[in-house]
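Read through the structure below, which is laid out as structure tokens, and then see the notes.
The values are calculated or read from the model by the stated rules, or taken from the named source; none is laboratory data. Predicted model only: the values in this text are computed from it and were never measured. Using ideal geometry, Cβ is built from the backbone for each residue, glycine included, and neighbour counts are taken over all protein chains shown. Note: areas computed on protein heavy atoms with side chains; ligands, DNA, RNA excluded. Shrake-Rupley method; radii C 1.70, N 1.55, O 1.52, S 1.80 Å.
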Amino acid sequence: MKVEVSLNLILSCLDKNPKAQKELYQKLLPTMMAICRRYLWNKNETQDVLQESFISLFKSLKQYDINKASFKTWVSRITINVCLAFNKGSTKNSSTELIINLHEPSINPNSLDSMSDEEIIKYLEQMPFPYFQIFNLFFFDGFTHREISEMLDIKVSLSRKRLARAKEWLNKTITDKNEFCKNYIFKQ
Amino acid sequence: MNDFLNKLKARINNLELSNHTEVNEDALWNSIQVGITEDVKVENPRNFLLYVPFLLATLFLIGFTGLYFKNNKVSNEQQKNVSLNQQNSIDDLMKKSNSTPIPGVEMNDLDQPILTPKDELDQFTFNSSVELSKRNNSSPENNSKKSAVNSHSTISKNSTVRNKVIATQDNNNKDLQKIIVLSNNSVVEIENKITTDQNNEELQQDNVEINSSALTGDNEIIAGQNNEESQKDIIPSNHLAIEIANERLMVSMIPSVFSNLDQNQSRKSLDLERYFTMKEKEKRKISLGLFTGVHLLHSNLASNSADDQIRKNLVNAGLKPQLGCSAGAEITIQLFKNLNLTSGIEYVKSVEQFNYSTKWDTTFQNGQNTINQSSERIVKHYNRHSFFSVPVLLGMEFQKGKFEFGANIGVGFNFIRSQRGRTLDNNLDLTDFPLSENSNLSPRPDFYLSYQIRPYLSYQLKKNLKIQLRPDFRIQNYGKLEFYNNMKFSSILTGVQTAIVFDLFK
């Protein structure tokens, strides 16, 4: 989280100061948006997820213990849990999109620095969603396989398998070539 | 690879997205403010409506169950009281009779009549007809006459007398008089005649004694006429003692009166029995049913507008019915012989599959080469919606042995609980619904009517328990909504249900 959240701001929010609450909302929105983009299966639910996440955050702000975890970690956990809850409702016996990719995107590992955040997210979204979900939880947010299995209601072995598949996909898409391909077109 | 992953991790951990087109910041903040300022989340008012039928049905059940048990208790108590009253009346009369002394007869200390000594009776013989006369016990003249009579009359020891005594003092008398005839065979015959005569009060206090010279066989002894002056001697027989009671009743010795009393009481109990039987028949048959079922939902858009035809055809072609389920409870009240009214509450979960495919041409570059390709997108989405239904159905039923068959027809009041899915918008683009909390932007309204017909076949398992199999046909009219550009949206629900029915009152 680039923007720091001060303790005074948190205390003002606990006093239900509307200005402080709006300030906290504006500071946290980009980070929580990024988490939603990574975890949410149905992107149309982003606004609903953010609404639920902020309401949960403000209502349970008094339960935040600074000694247990950083504020960033605490906010991330709330947003991830809301995203996973929405995913459960959306993915169960619902859409089976069969998008026939005619071209697998590839990426130069050295070009990460030149890529914007949006481009990185778009690149990672090409990963099949079940693998991307495990990859996010394990690699970026530091959950263990046991915790992931409890959160997603899957077996620990399946969690390990999906993480392995995610790494295979990354391996497949990374090229050592100096040529950098940004040559896929998204259907908007 | 590891280097790449570490860089990726560092970028992701500091990732922030500023350009978020999916989110309206101001609208989002307003909705968050509403959410955090309300202490108690306000339930959607339609949820309250969903609980009302449950509450009504529960109150209805409790009320009828309470009345049923109360009626049973009252009827049992009343029947008990009737029998108790009957018994009490008989007991009272028995006590009264026991306490009533026999007039004109001397009673010992135990209130028992003193019978004529045997040795005295042996001296008496009946030689001629027996005459009844009155005797004033208190008069010394009578006492002397008694002894005189005793000396002149004899009674045959071996005579078996069975006498039927009819005593009437006066035709106008209405007081109850009783004559007790005792014989050596202890045959007791009682004749009652009710006579009253205020002038004959003195007479009624006296004993009527029989003077008889000989008495064999059956004799009719007719009491003397109303003659206050006649004082005839009466010879009591060792086999025969005749007494005439005055207006006080000896119930224990008057079976006819006793039987009259019995008849009165039994008449009363019959009346009460008839009353309760009628009351039982008047009770309406009420049944409680629990049911579950599966169904298919066939939805259809209809429009006469030329602008909507493409969208209408694509949506209708895309919607395919899937198996849904339902469960509920209902109460059936018998109105007339074969006519009944059914209502209740049902929770229905329906599913439809929305299919859509689209192709487009695309190009991509590989280095300096441009390649033309075509892409295809196939969408298969399960649209789900759930609702509560409160049916009000009129039914006819017919019974044949253990089988009952009939049909229910009526309307249903449906309240949408949730709906979620995918369809085509006005631009023929895929869109999810609901778009927002605004119900106008969902394909189905929060409330709509359905028209239902439901034939059924029941089989009686036990006295008050039966199982029922029934197909279910409904036309669900959603009306014209803004979501589908005012095209008429409706569904036909076809399904089958099984039910267990309990007869609460029968």
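Just the accessible area for A:Ser6, please: 1.4 Å probe, Å², rounded to the nearest 10?
60
Quick one: Debye curve from the alpha-carbon atoms of the range B:313-402 only, equal weights, vacuum; give me log10 I(q)/I(0) at q = 0.11, 0.14, 0.15 Å⁻¹ to two decimals.
Values returned for q = 0.11, 0.14, 0.15 Å⁻¹ are -0.62, -0.77, -0.82.
How long is the gain from B:Ile492 to B:Ala10 if the chain were fully straight, where each residue apart is worth 0.36 nm and the alpha carbon distance is subtracted? Write out the running numbers ahead of the final one.
On the way: separation 482, 0.36 × 482 = 173.52 nm, distance 5.56 nm.
Residue separation times 0.36 nm, minus the Cα-Cα distance, leaves 168.0 nm.
Can you sort B:Met396, A:Met151 by 1.4 Å-probe accessible area, starting with the largest? Walk me through the numbers before you get to the answer.
Numbers: B:Met396 85, A:Met151 40 Å².
Accessible-area ranking of B:Met396, A:Met151, largest first: B:Met396, A:Met151.
Quick one: give the max-minus-min coordinate of the C-alpha atoms of the range B:301-366 along each principal axis, largest first, in Å.
Here the Cα extents, ordered largest to smallest, are 80, 34, 14 Å.
Given R₀ = 35 Å, what would the calculated FRET efficiency be for B:Glu25 paired with A:Ala69, taking r from the Cβ atoms and rounding to 0.05? Intermediate values should be presented prior to the final figure.
On the way: r = 27 Å, r/R0 = 0.78.
Taking R0 as 35 Å, the efficiency between B:Glu25 and A:Ala69 is 0.80.
Rank these by accessible area, largest first, 1.4 Å probe: A:Thr173, A:Thr144. Could the numbers behind the result be given before it?
Numbers: A:Thr173 5, A:Thr144 70 Å².
In descending accessible area the options line up as A:Thr144, A:Thr173.
What's log10 of I(q)/I(0) for the range B:344-493 at q = 0.17, 0.20 Å⁻¹, Debye sum over Cα points only, no solvent?
-1.01, -1.21
Using protein chains only and a probe of 1.4 angstrom, how many square angstrom of A:Glu4 are accessible, to the nearest 10?
Roll a 1.4 Å probe over it and A:Glu4 shows about 140 Å².
Starting from the 7 Å offset along Cα-to-Cβ, what nm value, one decimal, do you get for the label separation of B:Asp446 and B:Leu323?
The modelled label-to-label distance comes out at 3.4 nm.
Can you tell me the FRET efficiency between B:Asn338 and B:Asn316 if r is taken as the Cβ-Cβ distance and R0 is 30 Å, rounded to the nearest 0.05? Before the final figure, lay out each step's value.
On the way: r = 42 Å, r/R0 = 1.38.
That pair, B:Asn338 with B:Asn316, gives E of 0.10.
Using a 7 Å offset from the Cα along the Cα-to-Cβ direction at both B:Phe502 and B:Glu482, what is the distance between the two label points in nm, to one decimal?
The answer from the label model is 4.7 nm.
Give me the percent of the accessible area of the range B:289-416 that comes from carbon and sulfur atoms, probe 1.4 Å, all protein chains in place.
Numbers: 3760 of 6480 Å².
Carbon and sulfur atoms account for 58 percent of the accessible area of the range B:289-416.
For B:Arg470, what accessible surface area do you get with a 1.4 Å probe? Give it in Å², rounded to 10.
The accessible area comes out at roughly 0 Å².
Take the alpha carbon gyration tensor of the range B:423-498, find the square roots of its eigenvalues, order them as a ≥ b ≥ c, and report rounded if a/c is under 1.5; if not, report prolate when a/b exceeds b/c, else oblate.
Note, shape of the range B:423-498 comes out prolate.
Heavy atoms only, 1.4 Å probe, whole protein assembly: order B:Phe291, B:Phe502 by accessible area, highest first.
Details: B:Phe291 15, B:Phe502 80 Å².
The most accessible residue leads, giving B:Phe502, B:Phe291.
Chains A and B: how much accessible area gets covered up at their contact, both sides added, probe 1.4 Å, in Å² to the nearest hundred?
Numbers: alone 12490 and 31460 Å², together 38810 Å².
For chain A against chain B, roughly 5100 Å² becomes buried.
Less than 13 Å Cβ to Cβ from B:Gly293, Lys/Arg counted +1 and Asp/Glu -1: what total charge do the surrounding residues give?
Values: positive: B:Lys349, B:Arg454, B:Arg470, B:Arg474; negative: B:Glu330, B:Glu346, B:Asp472.
Spelling it out: positives minus negatives among the neighbours equals +1.
Pop the C-beta distance of B:Thr37 and A:Lys27 into the FRET formula with R0 = 22 Å and round what comes out to the nearest 0.05.
On the way: r = 20 Å, r/R0 = 0.91.
Using R0 = 22 Å, I get an efficiency of 0.65.
Once you list every other residue whose beta carbon is under 14 Å from the beta carbon of B:Tyr459, what net charge do they have if Lys and Arg are +1 and Asp and Glu are -1?
On the way: positive: B:Lys400, B:Lys402, B:Lys462, B:Lys463, B:Lys466, B:Arg470; negative: B:Glu397, B:Glu404, B:Asp503.
Combined, the nearby Lys, Arg, Asp and Glu give +3.
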